[in-house]
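Colleague: Shown below is the structure under consideration.
The values are calculated or read from the model by the stated rules, or taken from the named source; none is laboratory data. As the structure is a computational prediction, the values presented were derived from the model and not from experiment. Ideal geometry is used to build each Cβ from the backbone, glycine not excepted, and the neighbour counts take in all protein chains shown.
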């Protein structure tokens, strides 16, 4: 078997309840792991972010990190607007000024 045959596509888990996200990951031969070890797969809330992103190709058995937003019936938390410990998008790095005149 070649390496390409062992790759699987990461499903879109954002917006799902944690238990459904775990099931969807397992269906894709992946493991969804909540970044907060205090959360169980049955915690109320919704997946607010995931790494790697949906559509990425990874090896079967790969761990997909999920961030679950809890609070309120829809997991929205009722305001506050904070991102908490959700991952930040990749930021561009400043160009080096070395050699600039």
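Colleague: Would you confirm whether or not the stretch 43-63 contains a residue that is in a loop (DSSP other than H, G, I, E, B), touching a strand residue (DSSP E or B) at 6+ places or on another chain (Cβ under 7 Å) and modelled with pLDDT under 80?
Modeller: Yes, there is a match, as at least one residue in the stretch 43-63 is in a loop (DSSP other than H, G, I, E, B), touching a strand residue (DSSP E or B) at 6+ places or on another chain (Cβ under 7 Å) and modelled with pLDDT under 80.
Colleague: Moving to a separate point now. Have a look at 55, 61, 45 and point out the one that is loosely packed, with under 14 Cβ neighbours inside 10 Å and free of Cβ contacts under 8 Å to residues at least 40 places away in the same chain.
Modeller: Working: 55 fails: free of Cβ contacts under 8 Å to residues at least 40 places away in the same chain; 45 fails: loosely packed, with under 14 Cβ neighbours inside 10 Å.
Unique residue meeting the criteria: 61.
Colleague: Related question: Report, by residue number, each residue of the stretch 27-42 that is closer than 10 Å to residue 11 by Cβ and in contact with a strand residue (DSSP E or B) (Cβ under 8 Å, 6 or more places away or on another chain). Steps first, answer last, please.
Modeller: Filtering the stretch 27-42 down to residues closer than 10 Å to residue 11 by Cβ leaves 27-28, 30, 32.
If the condition is that a residue be closer than 10 Å to residue 11 by Cβ and in contact with a strand residue (DSSP E or B) (Cβ under 8 Å, 6 or more places away or on another chain), then 28, 30, 32 are the ones that fit.
Colleague: Pull out all pairs, ordered by first then second residue, where Cβ-Cβ is under 8 Å, the residues are six or more apart or on different chains, the first lies in the stretch 10-22 and is without any contact (Cβ under 8 Å) to a residue 24 or more places away in the chain, and the second is outside any helix (DSSP H, G or I) and surrounded by 18 or more Cβ atoms within 10 Å (Cβ to Cβ).
Modeller: 22/32
Colleague: Filtering the stretch 21-42 down to residues that are at pLDDT 95 or above and either in a loop (DSSP other than H, G, I, E, B) or within 15 Å of residue 70 (Cβ to Cβ) (or both), which residue is nearest to the chain's Cα centre (by Cα)?
Modeller: 21
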